[in-house]
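Here the structure is laid out as structure tokens; the discussion comes afterwards.
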Amino acid sequence: MSAPDISAILVAGDEGPRIGISLHSLVDAATAARSAGLTVEATVVLAAATPGTRAALVEAEEHGVRVEALDATDPGAARNQAAAAAAGEHLAFLDGGAVWTQNWLVAAHALCAGGGARVIAHPEIHWFYEVGRELYFPPDQDDPGFDPAALRFGNCWDAQALAATAVYREVPFAELGADAEPGELDWHWSRATVEAGYRHRVVPETVNFRRRRPRTLR
């Protein structure tokens with residue numbers, strides 16, 4: 001049997017009932033991708049998930065989503081374990097409490113498949129909704145005006161991206177501990193992937209809805 005085109009992985013932790021909106025987002029995006037002819041492995045990984053989060057996911061398998069508990073409690077280690085177990089040729093992470101637009105998997109896969117194995121796809125817009133409304137437009141690394149030196153002062157890209165699964169295995173996430181500031185993991189991975197020669201690209205007409213904006217995001 002050939003590998004799935006995409007492993008779509010929701011990382012669940014302490015979100016409680018709010019994990020439900022992320023689960024539905026995962027299911028909707030996977031359904032759209034399958035309708036477009038792609039094969040999708042949809043999984044929820046429990047990374048030190050609270051009882052409330054686990055309770056909100058009891059019906060996940062009824063929607064074709066596998067649920068797996070991880071040994072790791074460190075956010076970076078949890079993602080590395082999930083990437084190691086992923087069967088898909090490409091991998092897309094979805095953080096608990098976040099929501100993809102329905103077209104995300106299809107559009108991001110098309111960009112990566114057409115742009116070569118060293119492309120990491122990001123949404124065109126991050127919409128932060130927990131405290132007011134704030135929009136962030138990540139830069140496209142292929143834009144002539146982009147200066148990689150900007151990464152010295154702040155992060156440009158969220159690690160909630162889609163890329164070839166081999167990218168996550170070649171450049172694993174740092175294990176910074178549970179007390180790391182929100183966004184530190186993403187910033188570290190952004191720098192490491194740029195140094196390894198990967199290109200961060202923006203997928204037009206896609207949005208990622210997030211609870212809050214990390215202070216590290218420029």
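The values are calculated or read from the model by the stated rules, or taken from the named source; none is laboratory data. What you see is a predicted model, and the numbers here were worked out from it, not measured in a lab. Cβ sites come from the backbone with ideal geometry, for glycine too, and all protein chains shown count toward neighbours.
Scoring residue 171 on the criteria (1) touching a helix residue (DSSP H, G or I) at 6+ places or on another chain (Cβ under 6 Å); (2) of a type outside the set (Ser, Thr, Tyr); (3) touching a residue at least 40 places away in the same chain (Cβ under 8 Å) leaves a single failure, condition (3). Against the condition exposed (fewer than 15 other Cβ atoms within 10 Å of the Cβ) and either in contact with a Phe, Trp or Tyr (Cβ under 7 Å, 6 or more places away or on another chain) or over 19 Å from residue 209 (Cβ atoms) (or both), how does residue 68 come out, does it pass? Spelling it out, residue 68 is indeed exposed (fewer than 15 other Cβ atoms within 10 Å of the Cβ) and either in contact with a Phe, Trp or Tyr (Cβ under 7 Å, 6 or more places away or on another chain) or over 19 Å from residue 209 (Cβ atoms) (or both). Total residues in the range 131-152 satisfying the condition of being in contact with a strand residue (DSSP E or B) (Cβ under 8 Å, 6 or more places away or on another chain) and either in a loop (DSSP other than H, G, I, E, B) or within 25 Å of residue 80 (Cα to Cα) (or both): the figure is 7. Looking across the range 84-134, the residues that are aromatic (Phe, Trp, Tyr) and either surrounded by 22 or more Cβ atoms within 10 Å (Cβ to Cβ) or closer than 30 Å to residue 69 by Cβ (or both) come down to 93, 100, 104, 128, 129. For first residues located in the range 146-167 and over 21 Å from residue 98 (Cα atoms), partners that are part of a helix (DSSP H, G or I) and of a type in the set (Ser, Thr, Tyr) and lie 6+ apart or on another chain with Cβ distances below 8 Å form the pairs 151/190; 167/193. Return the total of residues in the range 100-140 being at pLDDT 95 or above and either within 14 Å of residue 8 (Cβ to Cβ) or basic (Lys, Arg) (or both). So the answer is 12.
Of all residue pairs spaced 6 or more apart or on separate chains, those with beta-carbon atoms under 6 Å, a first member in the range 60-77 that is in contact (Cβ under 8 Å) with a residue 40 or more places away in the chain and a second member that is among the hydrophobic types (A, V, I, L, M, F, W, C) and part of a helix (DSSP H, G or I) are 63/27; 75/185; 76/185. Reported count of residues in the range 153-172, each being surrounded by fewer than 23 Cβ atoms within 10 Å (Cβ to Cβ), assigned to a loop (DSSP other than H, G, I, E, B) and at pLDDT 95 or above, is 2. Inside the range 173-205, residues that are among the small types (Gly, Ala, Ser) and in a helix (DSSP H, G or I) make up a count of 2.
Is it the case, given these coordinates, that residue 50 is of a type in the set (Val, Ile, Thr), without any contact (Cβ under 8 Å) to a residue 60 or more places away in the chain and surrounded by fewer than 16 Cβ atoms within 10 Å (Cβ to Cβ)? Give the steps one after another, and end with the answer.
Numbers: of a type in the set (Val, Ile, Thr): yes; without any contact (Cβ under 8 Å) to a residue 60 or more places away in the chain: yes; surrounded by fewer than 16 Cβ atoms within 10 Å (Cβ to Cβ): yes.
So residue 50 fits the description; yes.
Of all residues in the range 8-37, those that are farther than 20 Å from residue 62 by Cβ and touching a strand residue (DSSP E or B) at 6+ places or on another chain (Cβ under 6 Å) total 1.
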